[in-house]
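Undergrad: I have a structure I would like to understand better, so I am pasting it below and will then ask my questions one at a time.
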Amino acid sequence: MLLKRFTLIFWLLAPFEQALAGTSAWAVKDQVSVRLLSAVDRVGDKKFIPMGLHFKMKPGWKIYWRSPGDAGLPPRISWENSKNVASAKIQWPAPSRFSVLGLETLGYKKEVVLPINVSLLEKGATTLNLKLDYLVCEEVCIPYSSKLSLALPGGDEKPSSVANLLARYQATVPMRDDRHGISLKGAMFQKVEKGIQVTLVADAKVPFVAPDVFIEGPGGSYFGRPQVIFSEDKRRVWLTLKASGVTPSGFEKSGLLATLVDEERSMEVSIPVDFKSTAPAPPNPVSRSDRSLLVILALAVLGGLILNVMPCVLPVLSIKLLGVIGESGKNRATIRAGFLASAAGIFFSFLLLAGFLIVLKLGGTAIGWGIQFQQPVFLSFLAVILAFFAYNLFGIFEITVPAWVGNLIAGSGSEQNLVSHFMTGALATLVATPCSAPFLGTAVGFALSRGWLDIIAVFSALGVGLAIPYLAVAAFPMLAQKLPRPGRWMNWVRMAMGGALALTVLWLLYVMANVMGQGGAAVLSAFLLLIGAVLWIRRMPASKLGSHASKALIVLSVAAITFPATWERSPVQARGQAFSSVWQNFDRAKIRKLVAEGKTVLVDVTADWCVTCQVNKRLVLHVGDVGEKIKSRKIIAMRADWTRPSDMIPTYLARFGRYGIPFNVVYGPQAPNGIALPELLTSGLVLGAFEKASGKTLVSK
């Protein structure tokens, strides 16, 4: 709330801000503010003045690059009423790509300065009166027109207060040289249906990280997102894309302008379209890809199987354990059907999760394993479901009516209750997602970097792996028949299992507190306690309250699940952990500087909802030799917190082919590109990475 107030004050006061030397006043709109900048506060004896347009957009809004892609319009300027101005030309920093529902657009979010080269008619004072027309877009697009004016007197030239800001963005304008260490080595063209296929080959002195290319061509042409193939050392890339909208002869006549971008590096190059041109051939990925998919599917099955013993899944497995005990003594057909239903629930949930991630990916949203735990509505839904299970195991209620609810809650005791078994399997999948396991990250990373068929295949294999114990009992139902028959001792087992689920609900409330704030977690806690109270009252159907308990339960459950949608999230709170003073906020630019100074850096990508992350901290990162190195600051520790949604973290993970957490990487003078560590850490693995990255022994033998 406090952050919101500060933001409101800024937007209200911005129009009245006294312009600093070298800046105009802000032109403020509802979604964006813009002003003129000058690198100098006096003209001096030059006939060229470096100036710029400084845009600040509200979160989610963007403006467009000079070639906006499949939609949009770039900013346009006119300076006819200026004094002593011969020309003013915008320069364009390298843009970002935005992919939404198959549309590719290029532009800028949050903040950008568009440098302007201003040429004077003669030396001396000048006034730039600028008319600016631009389009700002989120879900809707709004055209704006602003008038900006900046007068610069004559006199001795000196840098203005915004010279560094302008220079920083000027450095990101792609140039037609190899100053950033990347160069074009060739281009190939092929005629295809409704256009041409373009393949560009580029080299880099430092390995590529996330290369992209933005193509401009004749009027009416448009270009897809490139497919990227790396060489083994990642110092060469092949970028292949389709160009449409113009005939091959039209492309051949006009040529292309390519802007190659790789994080902070960029270059611009004009490319003639020659269908006879050749370039170095890419490695053949087809046979390797086919073989690697089979390996990944095998790893996915193994990862899903190991997931059964991870802490996320154990509370739900306790419910199934009670079901197994309850099946003892029953006929084999009934036992087999129940466990096959549970396996089907697991498999169905993984397919549902795959579909959810595919839709998000097509919509241009950052995706990853477990990201649904960033959403308060999902957290409250899961907390309500687990609370019902816990109350049932504690004996607060037994489900008899309505029938459809009885089919959704495990433990009703009906032999024909296959829906109950199915829902138990589905719930096991839902609570498994905040955990990672060996081989799981590799499989998920492969899937989410590929197409929708690969995502479905890998997630299906994960489902098979998680379902193997259920399938094993279905294949050999005599295993369940040999368990002790139900008796009074089961009451103690039910209480223990209910306690495990109650602890899981408390963990969800802890995650909710960090995602929404303590107020949101308190409201959800109140709803869960009220649900428990109503369930208790429901045992007295003769009373007026008891007769209306079912209706009250529906209202409370719906309210508990939906209230986060209207609840305002609180600002991120500082963590009160013992190690919080030694963990720095994640800063990619700072990593390079620290490594250049000879430092070793550990990056921990984590989240409060990631159970495996917390296990790694308690067993490795905060204890023993690793904890001592971090606490003594011999190792610079950085933490990237993914508890809440972030665009930066998925992009960083994708550099290493990862789409889930935990993720840890160690940088140092001997490993400037980082050493990625496995999901489950050991002290030996981390210390070994420290030594390899630093090039020196950190632990005395």
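Undergrad: Lysine pairs in region 73-124 with alpha-carbon atoms under 26 Å apart, 8 or more places apart or on different chains: how many are there?
TA: Qualifying lysine pairs in region 73-124: 4.
Undergrad: Hey, another quick one. Pull out the extension gain between residue 568 and residue 183, defined as 0.36 nm times the separation in residues minus the alpha carbon to alpha carbon distance; nm, one decimal.
TA: Value of the extension gain: 133.8 nm.
Undergrad: Ranked from highest to lowest mean number of other Cβ atoms within 10 Å per residue, what is the order of the peptides 108-120, 38-50?
TA: 108-120, 38-50
Undergrad: Starting from the 7 Å offset along Cα-to-Cβ, what nm value, one decimal, do you get for the label separation of residue 270 and residue 396?
TA: In this crude label model, residue 270 to residue 396 measures out at 7.5 nm.
Undergrad: Sticking with this structure for a sec: Sort region 11-170 into rounded, prolate or oblate with this rule: let a ≥ b ≥ c be the square roots of the eigenvalues of the Cα gyration tensor; rounded if a/c is under 1.5, and if a/c is not under 1.5, prolate when a/b is larger than b/c, oblate otherwise.
TA: Here region 11-170 falls in the prolate category.
Undergrad: Additional query: Could you list the residues of region 96-139 with an amide nitrogen less than 19 Å from a label point located 7 Å from the Cα of residue 47 in the Cα-to-C-beta direction?
TA: So the set is 117-128.
Undergrad: For region 11-170, build the charge dipole from Cβ charges (+1 Lys, Arg; -1 Asp, Glu) around the Cα centre, then report which of 125, 74, 136 sits farthest towards its positive end.
TA: 125
Undergrad: Additional query: Using alpha carbons only, how many angstrom separate the centre of region 192-223 from the centre of region 108-157?
TA: Cα centres, region 192-223 to region 108-157: 31 Å.
Undergrad: Between residue 193 and residue 222, what FRET efficiency follows from the Cβ-Cβ distance if R0 is 22 Å, with the result rounded to 0.05?
TA: 0.90
Undergrad: Once you have the Cα-Cα distance between residue 359 and residue 257, take 0.36 nm times their residue separation minus that, and quote the gain in nm to one decimal.
TA: 33.5 nm
Undergrad: Something else now. Quick one: go through region 623-637 and flag any residue whose amide nitrogen is under 17 Å from the point 7 Å out along the Cα-to-Cβ line of residue 581.
TA: So the set is 623, 627-637.
Undergrad: Further question: Could you list, in their original order, any pairs among 62/185; 62/194; 593/631 whose Cα atoms are separated by more than 28 Å?
TA: 62/185; 62/194
Undergrad: Say R0 is 35 Å: what FRET efficiency, to the nearest 0.05, do residue 453 and residue 625 get from their beta-carbon distance?
TA: Approximately 0.20, to the nearest 0.05.
Undergrad: What FRET efficiency, computed as 1/(1 + (r/R0)^6) with R0 = 22 Å and r the Cβ-Cβ distance, is obtained for residue 145 and residue 99, rounded to the nearest 0.05?
TA: About 0.15, to the nearest 0.05.
Computed from the coordinates by the stated procedures, all read-outs in this text should not be read as laboratory data. Keep in mind that this is a model prediction, so the values were computed, not measured. Don't worry about glycine lacking a Cβ; one is built from the backbone with ideal geometry, like all the others, and counts go over all protein chains shown.
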